[in-house]
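Down below is the structure, laid out as structure tokens.
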Amino acid sequence: MNKTLQIGKRNTLEVYRFTDNGAYLKAKDGSEVLLPNAYVDMDVMDIGELVDVFLYTDSEDRIVATTQTPKAMLGEFGYFKVISYKQYGAFVDWGLPKDLFVPLKEQKDYFHIDDWFILRICIDEQTGRLYGTQKIGKWLLNNTKGLFVGQEVNMLVIAKTPLGFKVVVNNLFEGMLFDNEIFEQLQVGDLKHGVIKNIRDDGKLDCLLKSSKMDNDEMGRKVIEVLKQNNGEIECTYKSDSEKIYQIFGMSKKNFKKTLTQLIENKSITLDEIKIKLN
């Protein structure tokens, strides 16, 4: 049970009393918050019961509880769709009845309805209002003390670059997934699980997707699948450049050559001067 009410986070609170408007929940310090009738199940909810809720402020800046969970909570990053735009800022859908406000001063790009943006959830300490910011750089840490190579992490894909994809790691650090180590389709907004491959001197992290290492059988199936999708043959050989191989098969040149050799030995494919052909 929470000692105090914490806006922007999940809170475990006690059902204290019922009113016509809903159930009032309280923290250990006695502070109360309303859980509106829309989220109250009178068949299972009782006085003294502990309830897990998310707290935010309503349109009149009153703290209110909901059993719903937003796409991201205070201190977290997410990918949000613009719902409406005003002269003073924009509103994005974050999974709750009240849309999340993104003040004009917290926008780096022009926001238009139906656009999608990576944002961090912040709080105005004076008003208690939650808001989104596109200016995420200042919230990312470069002090990597306590992190270690091989550590499992959660990642949000935030941008495509010539080298791969930028990610936010554990909502705290900037990381990178390199193209030649990605064996699946990625796009901005994806949430992924992975491991730290390298901790750089500048505090940024090189990461690997948990699923990024394909075994020999998987690589063989991948080549066969691509050939089937291209009428059984494709112009690509041992001598093809690494970028072309990755674009077609999603694997490194080293793994590609190893896989071709195995498939030739198994008589699954034949290889001539310019192309691979499915047997």
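For the range 165-186, what are the residues that are at pLDDT 95 or above and farther than 21 Å from N143 by Cα? Quick ask: steps written out before the conclusion?
Start the filter on the range 165-186 by keeping residues that are at pLDDT 95 or above, which leaves 165-177.
Answer for the range 165-186, where residues must be at pLDDT 95 or above and farther than 21 Å from N143 by Cα: just F165.
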Check: If N142 passes every condition in (1) touching a residue at least 12 places away in the same chain (Cβ under 8 Å); (2) loosely packed, with under 15 Cβ neighbours inside 10 Å; (3) on the phi > 0 side of the Ramachandran plot; (4) of a type outside the set (D, E, K, R) but one, which one does it miss?
Finding: (3)
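Can you go through N170, N143, N180 and tell me which one is in contact with a Gly (Cβ under 7 Å, 6 or more places away or on another chain) and farther than 30 Å from P36 by Cα?
Numbers: N170 fails: in contact with a Gly (Cβ under 7 Å, 6 or more places away or on another chain); N180 fails: in contact with a Gly (Cβ under 7 Å, 6 or more places away or on another chain).
Exactly one residue qualifies, and that residue is N143.
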Item checked: Considering residues of the range 1-58 that are in a strand (DSSP E or B) and of a type in the set (S, T, Y) only, the residue surrounded by the fewest Cβ atoms within 10 Å (Cβ to Cβ) -> T19
Check: (1) at pLDDT below 95; (2) closer than 28 Å to L172 by Cβ; (3) over 23 Å from the mean Cα position of the chain (by Cα): which one isn't true of T69, the others all being true?
Finding: (3)
Next item on the list: Provide a single number: the residues in the range 145-163 that are over 17 Å from the mean Cα position of the chain (by Cα) and surrounded by 15 or more Cβ atoms within 10 Å (Cβ to Cβ).
Entry: 2
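Being among the charged types (D, E, K, R), under 31 Å from the mean Cα position of the chain (by Cα) and at pLDDT 80 or above is the filter here, so list the residues in the range 211-243 that pass it.
Listed by number, the residues that qualify are R221, K222, E225.
Return the only residue of P97, P103 being assigned by TED's automatic domain parsing to the domain that holds G132, touching a Phe, Trp or Tyr at 6+ places or on another chain (Cβ under 9 Å) and surrounded by fewer than 18 Cβ atoms within 10 Å (Cβ to Cβ).
On the way: P97 fails: touching a Phe, Trp or Tyr at 6+ places or on another chain (Cβ under 9 Å).
Testing whether each residue is assigned by TED's automatic domain parsing to the domain that holds G132, touching a Phe, Trp or Tyr at 6+ places or on another chain (Cβ under 9 Å) and surrounded by fewer than 18 Cβ atoms within 10 Å (Cβ to Cβ) leaves just P103.
Yes or no, residue by residue, for (1) touching a strand residue (DSSP E or B) at 6+ places or on another chain (Cβ under 9 Å); (2) surrounded by fewer than 16 Cβ atoms within 10 Å (Cβ to Cβ); (3) not in a loop (DSSP other than H, G, I, E, B):
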| residue | (1), (2), (3) |
| --- | --- |
| D206 | yes, no, yes |
| L227 | yes, no, yes |
| C236 | yes, no, no |
| Y246 | no, no, yes |
| F256 | no, no, yes |
| I274 | no, yes, no |
Next item on the list: Restrict the check to the range 65-88 and report whether at least one residue is touching a Ser or Thr at 6+ places or on another chain (Cβ under 8 Å) and either in the same structural domain as K108 (by TED's automatic domain parsing) or more than 30 Å from V167 (Cα to Cα) (or both).
Entry: no
Next item on the list: Sort through L186, L147 and tell me the only one that's in a loop (DSSP other than H, G, I, E, B), among the aliphatic types (A, V, I, L, M) and without any contact (Cβ under 8 Å) to a residue 40 or more places away in the chain.
Entry: L186
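The values are calculated or read from the model by the stated rules, or taken from the named source; none is laboratory data. This one's a predicted model, so the numbers in the text were calculated from it and none came from an experiment. Glycine also receives a Cβ, built like all others from the backbone with ideal geometry; neighbour counts cover every protein chain displayed.
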